[in-house]
Structure formats: C-alpha cells, structure tokens
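The values are calculated or read from the model by the stated rules, or taken from the named source; none is laboratory data. Worth saying up front: this structure is predicted, and the values here are computed from it rather than measured. Cβ atoms come from the backbone with ideal geometry, glycine included; neighbour counts cover every protein chain shown. Surface accessibility is based on the protein's heavy atoms, side chains included, excluding ligands, DNA and RNA. Shrake-Rupley method; radii C 1.70, N 1.55, O 1.52, S 1.80 Å.
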Amino acid sequence: MSASSRDRKFPLVIEALALKKAAEPFSMRLGQGEALSLLSNDPQGLSLFCDVLAGFAIPEGGSIFLDGQDVTSVPPEQRGIVLVSPRDPVFGHLDVADNIALALRAKGAAAQLVDTTVRKMLALVGLDAQSDQRADLLTPEQTVRLKLARALAGAPSVLVLDGLLSELDLRAAGKTRDLVARLQRALGLTLVHAAHSREDALWLGGRIALFDRHALVQCADAATLMERPSDARSASLFGEANLLTGRVLEIEDDIARIHLACGGVVEAMADAELAEDALCILCIRPDRMTPLFGAPMAGDDEPAPLMASIQSVLHTGEHIRFRLRLADGGEIEMRRPLLQSMRGVTQGASLQLAWQASQAVAFPMKDDL
C-alpha cells in the first residue's frame, strides 16, 4: 500500500494481518469517524482481533497503521487505540472521578487539564452525580459508562469495544447502545465494535466485517451482506441462510436449476463462478421460503419438488419458527409471519417448499464449507 493511502482519511489501516498461524491474512481500512462492527461464529476470535488492535496480543503476521504510523509493535499505552471490554477492570477503591483521572495523571498531564477533562467526560457519559462515588458501588451500566469515560479521556484515535453489552440486562444494553451512538456522532469517533449477534452488529449503522473464525469473509453494509453475500459462509453467518448441497443441471440467464442431494429440483441465482454439472451450495434464508401443504404440486413430467416434514413449531412473538427435516435427514429452519394460516401445521406433517429463484443464491462448493 502506498504512503498516500496511509493518511488521516483512514486513521486505521490493516495490511495482511494474520491472527493465528496458518490463518488467512486480511486487510481493511477504517475511515475517519467511521463505525465498524465485527461479527463472527467465534467470539474468542473477535476478542483476539481486538487485543491485537489495542496492542495486548501480537499477530502472527501483517501490520497495523494508525494515522500513517506503523504501530504493530507499539505498546498499548502508546499507540492511540483504546480497548473497552469486560476484561478491563475499574479500580473499586477509587471514586469515579479518580478512575477517569488516573491515566491522565500517569502521563503527567497538568492538574487543570486533568480536572477539565474529567468534568467533561463525566458530563458526556452522564455520571456527574456519581463523581465522588466509589467505583465498586456502581451498577453494571454505570460501570460501562465509567470505562467509556476513562477511554475517551485520552482522546484515542480509535476506540475498540469488545463485549461492551455482555454484562447488561436488556434495558441497560439499549440505553448503552444509544449512548455510544450519540458519542460516536457527537465526537466523530472512529470506532470498532465486536458484536455477539446480528442484531448487536446492526445498531451502529455502519459497515459490518464478517469473520469465519480468524478469516475475513466479507465487509460491507447490512443490505449488501443480506442481499448480495460473497459466498455461502457470508450468507450463513449474516443472513442465517440454510445451506443445501446439490448439482447444477443447467444455467440460463443467471438462473441455475439445481438437483438437491436431499431430493427435489429448485432454482436459484447463479454465482459468477458457478458452472453447469458442478457441485454447489444453495443458500436460502429462513424467511424466503414458502410452505405448500397438501399433495405435491408437480405434474408427471415435472421434476420432483422439495419435500420436508415439520419437526417443531415455535411462536417467538415476532414470527413463527419451523424446524423442518428433509428426506436425507438434514434439518433446516423456516420462518413465517404470525398472520400465516396454521391450518395443517402439526408436528410430523409434510409440506412442499418453494421460493422464487431471485430469493436464493448458489455458489460453487468449496473444500472449506
């Protein structure tokens, strides 16, 4: 990467970073004031990435540039990337104000600057009334606010959040999300957030980086990840898609006809690398399938439909979740609106599954799937 790309337009630049031995290296850039969420099937892998960014762990390879400078080997207290996580303790015997001031005093900041910064941070996170309270008497939500204030007091170039909401109840988590979103907009924070669920990855509204363990799969906005996944891993990780194996019978006008291993012939959008007579992975989201009850609707000269049997039905309050078993014993999930007629919906009942070709996508089968 040329020096011109390592400017302040991109405070954080990652080049060929490998988190573990034999892990596929990845690169990315984070723009000034951008909020990036991380999502993975391995939360520990995300924590490792956050530790590497903040300098608490050493990568197997690659480089991290902050404001144009290589900080890969710079210790945490000097690199300008601050991590906030449940693993980051507060000092319970000190009051809230002293917890915030501690790092500033350690760096030799003048007393007036320390006092001004502490008061500003207390106001930003809404802890003015708790200024003189011991940190070990705070609620979990207040403790998170204290950690945010302490991290922001040093004016970091990049703020990294790992498991920020993991110890909070639903109400406190919602309030903390709102606070972080307001801080990010008001201060123009460049932010990296390790999410623990798809919903947790959406609230900042920026790009989302999907990881399969230690490998970066795709980095894009939510709409792109949902509607244009780069491969089957991305479709499964973010869209929670069902993955069905099959063989491509033909491809015409970017539509593939596929004979599934579990029985039935279906259609899907063909990935650019998909070829006829090749093995493939078909990805179909649980909410994009339509159930047809009763006798199969295929005629004598038509290919056999995809059949399944109902294993369980769960009302979630937002939709109806079906667990379905296919002819080969595999299980998939289907979701339907609450207004869906429940006639004939009983455990063990058979149904035919259908969808429009545009609602599914087929990718070439790869060894790592």
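Some notes on this structure:
- Using Cβ point charges alone (K and R +1, D and E -1), the dipole size of the range 222-283 about the Cα centre works out to roughly 320 debye.
- Per-selection Rg to Rh, the range 110-208 - Cα, Kirkwood hydrodynamic radius: 0.97
- Zero-based 10 Å bins, Cα pair distances in the chain, whole percents: 5, 20, 25, 20, 15, 10, 4, 1, 0
- Counting DSSP beta bridges with both ends in the chain, the antiparallel % (nearest 5): 75 percent
- Using the 1.4 Å probe convention, the accessible area of the chain works out to 49 Å² per residue with neighbouring protein chains retained.
- What you get for the range 14-92, charging only the Cβ of Lys and Arg (+1) and of Asp and Glu (-1), is a dipole of about 120 debye around the Cα centre.
- Packing, taken as the mean count of other beta carbons within 10 Å per residue, orders the peptides 53-60, 127-134 from highest to lowest as 53-60, 127-134.
- Cut-off 12 Å between beta-carbons: net charge of the residues surrounding Gln311, Lys and Arg +1, Asp and Glu -1: +1
- Charge dipole of the chain about the Cα centre (unit charges at C-beta), most positive-ward option of Ala349, Pro75, Cys262: Pro75
- 19 Å reach of a label modelled at Ala106, 7 Å along Cα-to-Cβ, counting backbone N of the range 30-59: 51-58
- Here each label is just a point 7 Å from Cα along the line to Cβ, and for Asp253 and Ala222 those points are 3.3 nm apart.
- Bridging of Lys20 to lysines at a Cα separation below 27 Å is possible for Lys366, once same-chain residues fewer than 8 apart are set aside.
- Our Cα-only numbers for the range 210-275 put the radius of gyration and Dmax at 13.1, 36 Å.
- Portion, in percent, of the accessible area of the chain that falls on carbon or sulfur, probe 1.4 Å: 50 percent
- Estimated FRET transfer efficiency (Met365, Leu338; beta-carbon r; R0 30 Å; 0.05): 0.25
- Residue-averaged [θ]222 nm for the chain, counting only DSSP H segments that reach four residues, each worth -39500 (n - 2.57): -7500 deg cm²/dmol
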